[in-house]
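What follows is calculated from the coordinates using simple rules that are stated; it is not laboratory data. On a predicted model such as this, the values are computed, not experimentally measured, just so you know. Cβ sites come from the backbone with ideal geometry, for glycine too, and all protein chains shown count toward neighbours.
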Amino acid sequence: MAIPLMTRAADAPRSDAGELEEIIVTATKRAERALDVPDSISVIGAGELERLHVTSLQELTAAAPGLIALSGGSVGQTSIILRGLPALNSGSLVATVIDDSAVGSSAAWADESSFELDMLPYDIERIEILRGPQGTLYGANSMGGVLKYVTKYPSLTTTEAQVGGETFTIKGGGTLGASARAMYSMPLVDGTLAVRGSLYGQQTPGYIENPLRGLNHENSLSQSGGRLAMLWQPATDLQVKLQGIYQRTASDGNANTFARLLGTPQDAYYRPGNWLDGDLTYRHVIPEPFSSNLKFISGSLDWRMAFADLISVSSYSDKLTSGTQDFSAVLGYLQPMLDPNVTSTLSRARFDVSVKRFSQELRLTSASGQRLEWLVGAYYSHEKATNNQYVDALDGQLELIPALNPFFAAHIPSSYDEAAVFGTSTYRITDRFYLTAGLRWLTNRQTLAQEILPGGFIPASQSASRSSETPTTYAFGARFRLQPDTMVYLRVASGYRPGTPNSVLPAYPQIPPQTNSDTMVNYEIGLKSELMKRKAAVELAAFKINWSDMQLDIFTPDGHISYATNAGKVTSEGFEFAASYWPTNALRLEANAAYSDAYATEAAPAASIFVGTRLPSSPKWTAAATIEYRMRDWNQWTPQLSATWRYIAAQYSTLSTNPPLGVVPDYSWVDVDLRMVKGRYSVSLYAKNLLDKRAFNFGGPVTDSTTGASSFEGVPILPRVVGLSASVRL
């Protein structure tokens, strides 16, 4: 669980036993104490990531107040939700950032909201989670918040090396999983030039049984990657950083499960009952592999001039996502209807989405600690995306049926260009009272081409369209320091998600040529405090977010074509809480909780949204608690025992006015870690989901279009994992 105000013992040395150190964040694009940032921020440090043995974003659910990570079936098929606000279409509401560079697509045609960057967090210094609109500093898609990976760079004076590995079992996995990791950092020229390299890999056995394919461990997973970083400081006032990251994730199948559907037209809250076909079982005929590859290169320059720091950040990323789904229950029934000679209802959907993105940011930042602190900058981003989609009609041997193929094939290339100028300023009226203001003006242009190939059940077509817009975002705030380590703040901030061109189809004149960007405005009041002689900390925030001109996908009246439009308004209001306490030198306690109530305040009937409609995948409550106890040394080894409990409230699987209405029940789970530390050696025995809780991370009611059978389908939380991990600093 994250500590929003300071680091913990696992992440940094303490100046005094039981006293928590401050944590420095870069959320405002200048290094400062999290305690001084007038915004709702959580920080999950490297030590916490290691203690929780995190291997995916889904395992961070509720590790910070209100953080929800939904899985589409495997690592990499991930959606991030903050403050109860899901995307409602394919454009992401949460920007994913590596250091200072956004990764993935800003536009809607690459399905970024379903495939957020899911890094195996090795060689990561911390993950910063910024809740609420961050449009002034982070631009497109940050109106729900920002998830920021902050990487580690080499020391200019010290050589470091570390190797580690682990083995683990997973309920239903059959075989042992294993991982290995290594890092080496050294100065090439003492005080001037240093390099750091890391490699990591993990093999996770599958735990889903598929009797139709005769597989007991279908969804095995492979994660691997590496990173190379360089730090060059030719002068005390000049620093250059370069890095390259490669990561590959590949799964042999999806972790879907099915349960009996409980509910009736008189009790229309459809929810899961007993498992169909048994525990952790997914019956399907067609293989469902998934893979996600990332190549990322960045370089930054920091030149400390007399009046300001000049910072330049350049990056290039190449993200490729590919997958296959068994579509027999969705479209298979059409095959005999289109060709009476065909009896097979086996159907397969395939997709591959590629996003190549270049960005450049320049900014000038005044020195910290002055009465007037300011930042001005310029930003440019260019991306090209390709979304290829196919549906294949298959026979009983899973071969293509010549008479029906291509059953459906679409090629959708798009581009997105954005240029922006932005600035923020903070004025210290007194030593206790500060005012902050920020503004971002930008312009973006998009192109879209869509080609549906001839054949199959949808007529062939070609279309091309463009869109452009010039939105503006802003931020205003005030903070007052009640005590040196206690601050209250007010914040009003906006964010936006780019609009998108629609495919122009002459037969459907009601389709608008483009949708405009939607916006969120956040009103927030908060308190941050360290107290009891720095043995405790607390953070409170209350917020109200207004989401207007929502981008929604709706269908034409004949139900044949889906297109995007702007309609409706939503409000999310709630509060967040996080606290930490060291009652003794050996004992640490933490807790967090968040409440968010997201509902429509303006109707969009074409999308089944009415006043009062509640949003899907938006639990009202999340909570977590951690206890960590450091025991007496044993034969020069220091044992540390920790346990973390997390809770997610019930949530709708669809809009609350869009039947059939599914309800994902509430659930909780417990992780434990027993760590033994001796100097440069560390050994950990751990369990994730200790009680082997069965629950749906994501799901809802489905009906097989071929058989007419209904069930509750979803992705379960990870079954129990028990592992042994060891590492040594060389």
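For K688, give me every one of the lysines with a C-alpha distance below 28 angstrom, ignoring sequence neighbours fewer than eight places off in its own chain.
K148, K152, K171, K620, K678
Can you list the aspartates and glutamates whose alpha carbon sits under 14 Å from that of K533, skipping same-chain ones fewer than 8 residues off?
Output for K533: D16, E19, E21, E22, D485.
Among rounded, prolate and oblate, which fits the stretch 120-255 when a ≥ b ≥ c are the square roots of the eigenvalues of its C-alpha gyration tensor, a/c under 1.5 means rounded, and a/b larger than b/c means prolate?
Oblate, because a/c is 1.5 or more while a/b does not exceed b/c.
Per residue Cα convex hull volume for the stretch 59-182, in cubic angstrom?
Roughly 136 Å³ of hull volume per residue.
Exposure proxy check: F698, F408, F480 ranked by fewest other beta carbons within 10 Å?
By the 10 Å Cβ count, ascending: F480, F408, F698.
Near G104, within a Cβ-to-Cβ distance under 14 Å, what is the net charge of the other residues, with Lys and Arg +1 and Asp and Glu -1?
Spelling it out: positives minus negatives among the neighbours equals 0.
Can you check how the C-alpha radius of gyration of the stretch 246-311 compares to 2.2 N^0.38 Å, as a plain ratio?
That ratio works out to 2.32.
Kirkwood Rh and Cα-based Rg: tell me the resulting Rg over Rh for the stretch 605-730, rounded to two decimals.
Here the Rg-to-Rh quotient is 1.20.
Can you tell me which of 39-48, 158-167, 75-84 comes out highest on packing, and rank the rest after it, using the mean Cβ neighbours within 10 Å?
My ranking of the peptides, most packed first, is 75-84, 39-48, 158-167.
When you take every Cα atom in the chain, what is the radius of gyration, and what is Dmax, the widest Cα pair distance, in Å?
Rg then Dmax for the chain, in Å: 25.6, 83.
Which of the aspartates and glutamates could a cross-linker span from K544 if the Cα-Cα distance has to be under 19 Å and same-chain partners fewer than 8 positions apart are dropped?
Candidates past the 8-residue exclusion: D39, D518, E524, E573, E576, D597, E602.
Starting from the Kirkwood radius over alpha-carbon pairs of the stretch 413-468, derive D by Stokes-Einstein at 10 °C in a medium of 1.306 mPa s and give it in µm² s⁻¹.
Roughly 102 µm²/s, to the nearest whole number.
Cα centroid distance between the stretch 279-351 and the stretch 396-465, in Å?
Computed from Cα coordinates, the inter-centre distance equals 14 Å.
So what is the orientation-averaged projected area of the stretch 313-353, using the convex hull of its C-alpha atoms, in nm²?
4.0
In what sequence do I525, I401 fall when counting other Cβ within 10 Å, fewest first?
I525, I401
For a quick size check, give me the Cα extents of the stretch 469-530 along its three principal axes, largest first, whole Å.
Result, largest extent first: 66, 18, 13 Å.
In nanometres, what is the gap between the two model label sites at D597 and R432, each 7 Å from Cα along Cα-to-Cβ?
That separation, rounded to one decimal, is 3.4 nm.
Given the stretch 190-309, report the % of alpha carbon pairs whose separation exceeds 19 Å.
68
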